[in-house]
Amino acid sequence: MLTTERYEMILQLLKEKQTITLQDIIDATSASESTIRRDLTELESQQKLERIHGGATLTERKLQEYSISEKSSKNIQDKITIATYAAGLVEEDDCIFLDAGTTTLQIIPFLQNKDAVVVTNGPTHLDSLIEHGITTYLTGGFVKSKTSALIGQQAVQSLQNYRFDKCFLGVNGFHAEYGYTTPDPEEAQVKQIASSLAKEVYVLADYTKLNKVSFAKIIDLNAAELLTNNIEQQDLFALSQTTKVVTT
């Protein structure tokens, strides 16, 4: 296969899946790992993609944010696996904060028999919470059109009325030095306040968020336990120097 043909195939795979592994590309092209690594380096230099450990993802700007519908189709099995582990941390009668987001959404079906009380700023969570008979409180706030999250001063004020046993957050990126980040400062503030009101804080983020840095910082890496997946050993070691990391 010609180099240009491999480039086209790699970019087509990215268009379909947003994030791909080295093995995905090797299977599709029958090229060696060393060849694929060189291809990814060249395509990254052309700003066609962004290399991540073990593969590549579509290049995105720090302020760019995907909509709920765009996010929900990405890495769905990874999200379910992480969410299943997270739900296992919830104990009988816990009061929890469930952040708006597509990974935290996947926790809900596993809470059905826990008698937990949920506070959320995610209106898109409500149908599932009601369906599974979970006692739910919705924060106030301004509905952000891109992600449907409730944000702003009213969201912050309403959160002050609660105290949580556990807080489950979604993020756009995690980095050993820059912590957990998201594109919107107002959304970052809601996450920050919720985490400050909880006994235990967990961030749910799949491997594609590794070393991504968005515009607004939420909290330092050591302020939450990280629940993730498919992290290479060297990166896992580096992260574990700062915080507790669980790979699912």
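Here, each number is a calculation from the coordinates, and none is a lab measurement. Just so it is clear, the structure is predicted and the values come from calculations on it, not from any experiment. Cβ coordinates were reconstructed from backbone atoms using ideal geometry, including for glycine residues, and neighbour counts include every protein chain displayed.
Report the label-to-label distance for residue 177 and residue 211 in nanometres (one decimal), using points 7 Å from each Cα along the Cα→Cβ vector.
Computed distance between label sites residue 177 and residue 211 equals 1.2 nm.
Where the only charges are on Cβ atoms (+1 Lys, Arg; -1 Asp, Glu), what is the dipole of the chain about its Cα centre, to the nearest 20 debye? The partial results should precede the final answer.
Numbers: 23 positive and 33 negative charges, 98 e Å.
Approximately 460 debye in magnitude.
Please compute the contact order of the chain in relative form: average sequence separation of alpha-carbon pairs under 8 Å and at least six residues apart, divided by the residue count, as a percent. Don't jump to the answer; show the numbers that get you there.
Working: 487 pairs, mean separation 37.8, N = 248.
Relative contact order for the chain comes out at 15 percent.
Counting Lys and Arg as +1 and Asp and Glu as -1, each charge on the Cβ, what is the dipole of the range 106-212 about the Cα centre in debye, to the nearest 20? Don't skip to the answer; put the middle values down first.
Details: 9 positive and 10 negative charges, 23 e Å.
Rounded to the nearest 20 debye, it is 120 debye.
Using θ = phi - 60° and the Karplus form 6.51 cos²θ - 1.76 cosθ + 1.60, what ³J(HN,Hα) does each residue of the range 117-122 get, whole Hz, x for Gly and Pro?
My calculation for the range 117-122 gives 9, 10, 10, 9, 10, x Hz in order.
Take the alpha carbon atoms of the range 1-57, find their center, do the same for the range 164-238, and report the distance between the two centers in whole angstrom.
27
Students often get this wrong, so check it: of 48/191; 17/114; 17/199; 48/146, which have C-alpha atoms separated by over 27 Å?
Working: 48/191 32 Å; 17/114 35 Å; 17/199 37 Å; 48/146 24 Å.
Cα-Cα > 27 Å for 48/191; 17/114; 17/199; rest within.
Among 89, 133, 77, pick out the residue whose Cα is farthest towards the positive end of the charge dipole of the range 76-134, where Lys and Arg carry +1 and Asp and Glu carry -1 on C-beta, about the Cα centre.
77
Show me the ranking of peptides 108-117, 189-198 by mean Cβ neighbours inside 10 Å, starting with the highest.
Numbers: 108-117: 16.8, 189-198: 21.0.
Descending mean neighbour count gives 189-198, 108-117.
Assign unit charges at the C-beta atoms only (+1 for Lys and Arg, -1 for Asp and Glu), then state the dipole size of the range 3-57 relative to its Cα centre in Debye, rounded to the nearest 20. Spell out each step's value before the answer.
Numbers: 7 positive and 10 negative charges, 21 e Å.
Here the range 3-57 has a charge dipole of around 100 debye.
Could you tell me what percent of the DSSP beta bridges with both partners in the range 68-247 are antiparallel, to the nearest 5? The partial results should precede the final answer.
Values: 8 of 32 bridges.
Around 25 percent of the beta bridges assigned by DSSP in the range 68-247 are antiparallel ones.
Per residue of the chain, what 222 nm ellipticity follows from adding -39500 (n - 2.57) for every DSSP H run with n ≥ 4, rounded to the nearest 500? Working shown, then result.
On the way: 10 runs with 91 residues, N = 248.
Result for the chain: -10500 deg cm²/dmol, rounded to the nearest 500.
What is the helix-to-structure angle for 185-196, meaning the angle in degrees between its Cα long axis and the longest Cα principal axis of the chain, kept from 0 to 90 and rounded to the nearest 10?
60
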